[in-house]
Structures are given as structure tokens and as C-alpha cells.
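The values are calculated or read from the model by the stated rules, or taken from the named source; none is laboratory data. The structure displayed is predicted, hence computed values, not measured ones. Using ideal geometry, Cβ is built from the backbone for each residue, glycine included, and neighbour counts are taken over all protein chains shown.
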Amino acid sequence: MKPDTVSITTSAHGLGGLGTVCIFGTGDFGRSLGLRLLQAGYEVVFGSRDSKTSTPLEDFHPGPKVMSHAEAAKEAQVVFVAVQREHYDFLTPLIPVLQGKVLVDVSNNLKKGLYQESNAEYLSSLVPGAVVVKAFNTISAWALQSGGLDANRQVYVCGDQPDAKRAVEAIAQNLGLTALDRGSLRAARELEDLPLELFPLWRLPLGIATGLTAFFFFYLLIRDVIYAYVNDGRDISFRIMITLANKVFPIVSLVMLALCYLPGILAAFVQLYNGTKYRRFPDWLDRWMRCRKQIGLLALGCALLHVLYTCIISIRYYVQYKNNAELIGLIKENTNLTLDNAEAWATDSFFALGVLGFLMYVLLGITSIPSVGSSLNWREFRFVQSKIGFLTLMLCTGHCLLYAWNKFLKPTTYKWYTPPGSMLSLVVPCSVLVLKLIIILPCVNRPISRIRQGWERKRKSVSQQRF
């Protein structure tokens, strides 16, 4: 009997209600799933190779039965196959018993491309009289035991028979999980690859952060430490730990914050050039836009490190030594310090913009938390991430400008004819702010708004272009 012609019952012992569920496998996942099913009100039977010695849930909850595979399969309409693909051979003698049953494949592989076909498709060909549904493979045993919080609440389901999928979805919902239909059984390979992904959206942001950190670290190491040793013979290598790091992290933070908003601006110019919003963005731009959240969070992390390093500056031995030496020098020379109003204004403004910028930074990070972002409607979320985001970029850029406002024109600033790191850090943020200023101009913003509302610019036909 073919899977698409199998009739599925939905009695109390069937798929939709709280009936009996069979689990093949008494490992960690099978035990956790059985416990969760018992807590939800299901009756659970386990199919095991050695039903006499296997006691999967005695330590947690009374009630489950442990039988042979054939006996357990007769007790339920839904059978969870919680074993690895390499051990599917035991199912071959059970083909007559599994006729018309729903087999839920929960297996995963150790790496991608290990087999030509997915585990679920292989299981379907191995037991042709059963209906195979791929589900629960993205849920861990720990998530089942702890209640399936946050992202672990999602159960992806795929299969060729709608009734079977709806039955498995009903089980997932009764367990307090969220079931998402991913289509036919051909999607099983994609679902089996999901647990093998290792931070896919973090790879590009981490690569950018690592590259920027390495570049500015060695750049400032040459300008500050090596330059002082070569030209003046001074060994200030101790400044690498605090001073140099406290220059690198704010620079990386500012550049990455600008890179978080640059792809949105480029996308607007691409839409303006194409005259429509219905053409796909280039792959590199699309990938860049999808990982903006991760770029922003890494930028916030670098900003937090900058704040922590700044807080410990006053207790550093070198800073205390330098302040004491300057004070003793003034006493010996019997001179007084005069207040420089311009420097006082610049210093206070520098700290004020830094505090406000970091506050806005934290606000952006908080709204990126799923539980917080889900409480905002689209307009509120867009206002925070866009309007307040650009305000944060402006405050942080002004913070950096005030840091070296009176140093850019001094020849001594350009050691070995290289600009200071603070000057390099302003290139990308200032470019982003200028491009944003161009976009908000009425002559540019009006056509972009119309395009995003569905308007398309009419293109001349080929014959009209020739003449």
C-alpha cells in the first residue's frame, strides 16, 4: 500500500487526541519525549530490543510500558522512531505490523551530505506501507525536559500526507510546542541540515569584527608602541593591554554600527536605480542585510568593552604615576594651571555624547531581544531601529570627532605619515550619514517612497530605445 493511500484514523488511540503513542528507542531523546508525552496526558509504550531490562522512565514517572518492537507498534497509531539511521534494519521484519502507521522520524546526521537521500525518505522506502513524517529533529532532549523555551518551542513538520502531518502537529501543540508545516517529505533534507548549522547568520559579522579588530590593533600597535620604541627609544609596550585595547574597541564599534545601516541605504539606491522594488537585490547585499542584527549586537559588545576599559583608567598605575609626576612638576616650578574653556567644553561634550550614545546603543540592543521586539508593532520597532539607530550613529560619530577635534591638523599626529585611528574610524560613519542625508532630501525620498509603495518606473521597449 502506498503512503498517499493510507487511511489515518483519529480515535482516542489515533493521531489527533490524547491516546497511546509508541516510541522506538530508549535513549536520551526517547526517554525525554516519553516523559513529556506522559505529562501531557498521553499513554506511552516503548519498543525496545530487550523489553525485560529496559526501564526508561521509572526514575521520573510511573506508567510507561516497555515491550518488544512488534508488540509496542500494535498499541498505537503513531510511532516515533528515535534511533539512528544505521539501526533502521530492525524495521524490516516489522513491515506487516507497521502497515498504515505513522512513523515520525526524529533522526539527524553527523554532517551534511552524508547520504544521498534524507533519513526520512530512506525510512519511507524501507517501510513502504507506513506514512513517514519528519518532525521533532530540531528539538533536543534537554529542551523537552526543560519545557521547550524560546526558540526550542518550534517543531518543523514535513510529510506527503496532510492527515498525518496534522496529527503530528496536534501532538506537538499538546506538548506546548509550536508546529510549523514545511511541506512535503522532500523538505526532510533541509530539516535534517538545520541542527548542523553553526551560527549561520553570525559568520559574516564575526568575520568583519575579527578583521577590523586585527587591522586596527596592528595599525595602532605600529603607530603607538613600535613608533615610540624606534624613534624615541621608549618601551611603552605595557599600554597594549589597556590603552591600545581601549582605542581598538570603540573604533571597531563605530565602524560596525555604520556597517549595520549602510546596506539599507545601498538597498534604497538600488531600488531607485531599478525603478522597482520587485527585483532581487544582489546576493552579497541580501546576505549583508539579513545579518544586520548580528552586526549591531557585536558593535554593542565592543562599545560595552570600551565603557568597561574607560571606567578602570583612573585606577591604572601608569595614569596615577603620570598625574603625580605632573603635579610634582608644577609644584617644583611653582606654576599654576589655567582653565582652558575650549578644552573644558570639548571634554564635557565628549563625555556627554558618549554617555547618550551608549544609552541609545543599549536601547537598540534591548529591542533586538525577541521577547521585547515581539511586544512592539512594526512601526514602533522600525522607529527604534531606524530613527533612534541613526541618532545613535550621529552621537557616536560626534563623540569620536570631539576626541581628536584639535589634533587632526597637527603634523605630529601623523606618525610615519599615517593618520590616527580615530580619523580612519570616521570614514565609514561619515559616509553613511552623508548618504542618509541625500536619501531624506525630498527630490530623492519621494521617488523611493513611491517605489516602496509599489510604483514602477516604465521602461522603454527595445524598439523605442533603438529609435
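Among all positions in region 420-436, there is at least one residue which is among the basic types (Lys, Arg), over 23 Å from Leu220 (Cβ atoms) and out of contact with any Cys (no Cβ under 7 Å at 6 or more places or on another chain).
Taking the criterion of being more than 24 Å from Ala258 (Cα to Cα) and outside any helix (DSSP H, G or I), the residues of region 331-373 that qualify are Asn334, Thr335, Asn336, Leu337, Thr338, Leu339, Asp340.
Taking region 38-150 and the helices (runs of 4 or more DSSP H) fully enclosed by it, the elements with 3 or more residues that are more than 31 Å from the chain's Cα centre (by Cα) and modelled with pLDDT of 90 or more are at 69-75, 119-126.
Yes/no per residue for (1) surrounded by 14 or more Cβ atoms within 10 Å (Cβ to Cβ); (2) of a type in the set (A, V, I, L, M); (3) free of Cβ contacts under 8 Å to residues at least 40 places away in the same chain; (4) not assigned by TED's automatic domain parsing to the domain that holds Trp284:
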site: Ala172; (1), (2), (3), (4): yes, yes, yes, yes
site: Leu204; (1), (2), (3), (4): yes, yes, no, no
site: Ala214; (1), (2), (3), (4): no, yes, yes, no
site: Ala228; (1), (2), (3), (4): yes, yes, yes, no
site: Gly233; (1), (2), (3), (4): no, no, yes, no
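Within region 271-279, is there a residue that is of a type outside the set (Val, Ile, Thr), in the same structural domain as Arg450 (by TED's automatic domain parsing) and within 27 Å of Leu426 (Cβ to Cβ)? The answer is yes; a qualifying residue exists.
Residues are listed down the side, and each one gets a yes or a no for (1) at pLDDT below 95; (2) within 30 Å of Arg446 (Cβ to Cβ):
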site	(1), (2)
Ala214	no, no
Phe218	no, no
Asp232	yes, no
Thr243	yes, no
Ser253	no, no
Leu272	yes, yes
Pro282	yes, yes
Ala299	no, no
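Between Leu356, Leu327, Leu339, the distinction of being in contact with a helix residue (DSSP H, G or I) (Cβ under 9 Å, 6 or more places away or on another chain), aliphatic (A, V, I, L, M) and assigned by TED's automatic domain parsing to the domain that holds Ala258 belongs to Leu356 only.
Count of region 252-269 residues, restricted to those that are within 10 Å of Val432 (Cα to Cα) and more than 20 Å from the chain's Cα centre (by Cα), is 2. Of all residues in region 388-406, at least one satisfies being at negative phi, of a type in the set (A, V, I, L, M) and not in a helix (DSSP H, G or I). Got a sec? Which of Thr418, Thr413 is of a type in the set (S, T, N, Q), surrounded by 11 or more Cβ atoms within 10 Å (Cβ to Cβ) and within 19 Å of Ala346 (Cα to Cα)? So the residue among Thr418, Thr413 that is of a type in the set (S, T, N, Q), surrounded by 11 or more Cβ atoms within 10 Å (Cβ to Cβ) and within 19 Å of Ala346 (Cα to Cα) is Thr413.
Within region 367-383, the residues that satisfy the criterion of being of a type in the set (Ser, Thr, Tyr) and out of contact with any Lys or Arg (no Cβ under 8 Å at 6 or more places or on another chain) are Thr367, Ser371, Ser374, Ser375. Screening region 344-370 for residues that are over 17 Å from Thr397 (Cα atoms) and touching a residue at least 60 places away in the same chain (Cβ under 8 Å) and picking the one that is surrounded by the fewest Cβ atoms within 10 Å (Cβ to Cβ) gives Pro370. A residue that is of a type in the set (D, E, K, R) and loosely packed, with under 11 Cβ neighbours inside 10 Å can be found somewhere in region 332-339.
Outside any helix (DSSP H, G or I), among the hydrophobic types (A, V, I, L, M, F, W, C) and surrounded by 12 or more Cβ atoms within 10 Å (Cβ to Cβ) - does that describe any residue in region 303-315? Checking region 303-315: not a single residue is outside any helix (DSSP H, G or I), among the hydrophobic types (A, V, I, L, M, F, W, C) and surrounded by 12 or more Cβ atoms within 10 Å (Cβ to Cβ).
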